[in-house]
Structures are given as structure tokens and as C-alpha cells.
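Below: the structure, in C-alpha cells.
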Amino acid sequence: MKLTNIAKKYDEDYIFENVNLNFTKNNIYSIFGRNGVGKTTLLNIMGGNLSYDKGEISKDSDDIIFIENNSIPFEFMTADEFIDITFSFKSGTYDLEEKAKLYDELNFHENTKLIQDFSKGMKSKLLLVIALLAKPKILLLDEPFSDLDTVTFKKITKQFKTKKSEMIIIFSTHIPTIAYKFSDRLIFLSKKGAIEMDNHFTTIEKLEIQIEKHIQYSN
């Protein structure tokens, strides 16, 4: 997926412009920036849910899944029922054995409970299970890890790192530690555009210093 000079405005004011990015497999990308800079907006544009005002997007596949933070529309169902109906909407199938393994790996055993009674962390686990089962060519995740405990976060990141050769994985976050631990490439989004960096930082403190520099530049 390649973004060339992408710009988006609300009313007459651009929230960001001159966004030039080229996403490839074998990399996990994190998008971060100040609150309100448009991280979720950019993901929605890449997912085809929002239009953009300038630029061009080219992609090799329309097999895209965009998971927003705890965005579950049918909470009166069980997890198994929601997974089944999600795949039926897309006329797709999934591996039952793989689902059972993911349930065990993530300590997800809420088969009889309705989703409306789930904690935020359990809802996040369910959405991530669906993403792993679906195996899209492009996976977009909006703040996917903020409600997960440390153990689950480590297990989920391990799962995605084994999948990055099969799909493009892009997620937004406002937490530098998550970007540092999980991503190969870091994208700082501001009104002026996007700056991409290799995650070569040896400590989280060095990343935070770099983020602060970009914040000062974007003001």
C-alpha cells in the first residue's frame, strides 16, 4: 500500500497533508502523534471508510480489515456467535482448531457469556482473535492494545510478529512504549505530514526524546 501526498480537511482546515508512505510486508508499523492529529482518520482513509481531499492511494489488494477500539456492533451475542456471523458477512471461513488454540493462548474462555458483559480487555481479545483468524492482506488496528494486560500483550505481539510476512500490519497508538516494543517502523503524524523512522532505538527513553523533537517540529 502506497500513499502519495494524501491530505484531509474538515471544513476549510487541513488536519494533515503531504502524507507520503509506502507500507510493505515483513514490517509492523505504528502511527503516533499528538491527540487530534488524525491517526484514526488516516486509518479510516486507508481502510476505504473515509474520502481524502488530495493525493493518491495504491494497493495490491482490497482484502483489508480495520479494527477500531472495542467496536463490536452485536453485543447481545456470545463470542462464538459473533465470530460466526462476522465471517458469514464476508462469505469466509476460519479454522476451528486455530480458534481453539488462540482461545487457549490468550486465556479467552467466555463462550457462554454475552459480549455486553465482557470487560474492555476481553472485547479487545475477541477482535484480535478475529483479525488473526481472518488473515487479511492488510490489517489496520486503532489503539488495539491499550486495554490488554501485560501477559496478553506479549502473546498478541508474538502472534502478529509471526504473521507479518503474510500481511501488512499498521496500528495507531498514543503510548510510546507500545510502539517501541511492537513495531518495526515508526510513523510520526502531524499536520505537516508524516515522518517514518526505523525502530532502531535501544531504549524507550531515546524514542521518547525523538518523539519530543518531532512534536516541537510540528508546532
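General remarks:
- Condition broken by Ser165, with the remaining ones in (1) surrounded by fewer than 20 Cβ atoms within 10 Å (Cβ to Cβ); (2) closer than 25 Å to Val19 by Cβ; (3) small (Gly, Ala, Ser); (4) modelled with pLDDT of 90 or more satisfied: (2)
- Restricting Leu21, Leu42 to residues that are aliphatic (A, V, I, L, M), outside any strand (DSSP E or B) and buried (at least 20 other Cβ atoms within 10 Å of the Cβ) narrows the list to Leu42.
- Yes/no for Ser146 being of a type outside the set (Lys, Arg) and at pLDDT below 90: yes
- In this structure, Asp149 does not qualify as touching an Asp or Glu at 6+ places or on another chain (Cβ under 9 Å) and surrounded by fewer than 18 Cβ atoms within 10 Å (Cβ to Cβ).
- Residue under evaluation Leu132, criteria (1) more than 13 Å from the chain's Cα centre (by Cα); (2) at pLDDT 90 or above, criterion not met: (1)
- For Ser30, the conditions (1) more than 18 Å from Ile138 (Cα to Cα); (2) in contact with a Ser or Thr (Cβ under 8 Å, 6 or more places away or on another chain) are fulfilled apart from (1).
- Complete set of residues in segment 129-162 that are in a loop (DSSP other than H, G, I, E, B) and over 17 Å from Ile175 (Cβ atoms): Lys135, Pro136, Lys137
- Taking the listed residues Glu205, Glu196, the one that is more than 16 Å from the chain's Cα centre (by Cα), of a type outside the set (Val, Ile, Thr) and modelled with pLDDT under 90 is Glu205, with no other qualifying.
- Meets criteria (of a type in the set (Asp, Glu) and surrounded by 13 or more Cβ atoms within 10 Å (Cβ to Cβ)) for Glu56: no
- Verdict on Glu17 being in contact with a Ser or Thr (Cβ under 8 Å, 6 or more places away or on another chain), of a type in the set (Asp, Glu) and touching a residue at least 60 places away in the same chain (Cβ under 8 Å): no
- Scope segment 106-125; condition in a helix (DSSP H, G or I) and under 23 Å from Thr177 (Cα atoms); matching residues: Lys120, Gly121, Met122, Lys123, Ser124, Lys125
- Qualifying residue in segment 33-40 (condition: modelled with pLDDT under 95, touching a Lys or Arg at 6+ places or on another chain (Cβ under 8 Å) and of a type in the set (S, T, N, Q)): no
- Ala100 vs. criteria surrounded by fewer than 20 Cβ atoms within 10 Å (Cβ to Cβ) and touching a strand residue (DSSP E or B) at 6+ places or on another chain (Cβ under 8 Å): no
- Boolean, Ile28 is closer than 25 Å to Lys135 by Cα and either over 17 Å from the mean Cα position of the chain (by Cα) or at pLDDT 90 or above (or both): yes
- Among (1) assigned to a loop (DSSP other than H, G, I, E, B); (2) of a type in the set (Ser, Thr, Tyr); (3) at pLDDT below 90, the one test that Tyr52 misses: (3)
- If the condition is being among the small types (Gly, Ala, Ser) and closer than 24 Å to Lys8 by Cα, then segment 180-219 contributes Ser190, Gly193, Ala194, Ser218.
The values are calculated or read from the model by the stated rules, or taken from the named source; none is laboratory data. As the structure is a prediction and not an experimental result, all values here were calculated from the model. All Cβ positions, glycine included, derive from the backbone under ideal geometry; neighbour counts span all protein chains shown.
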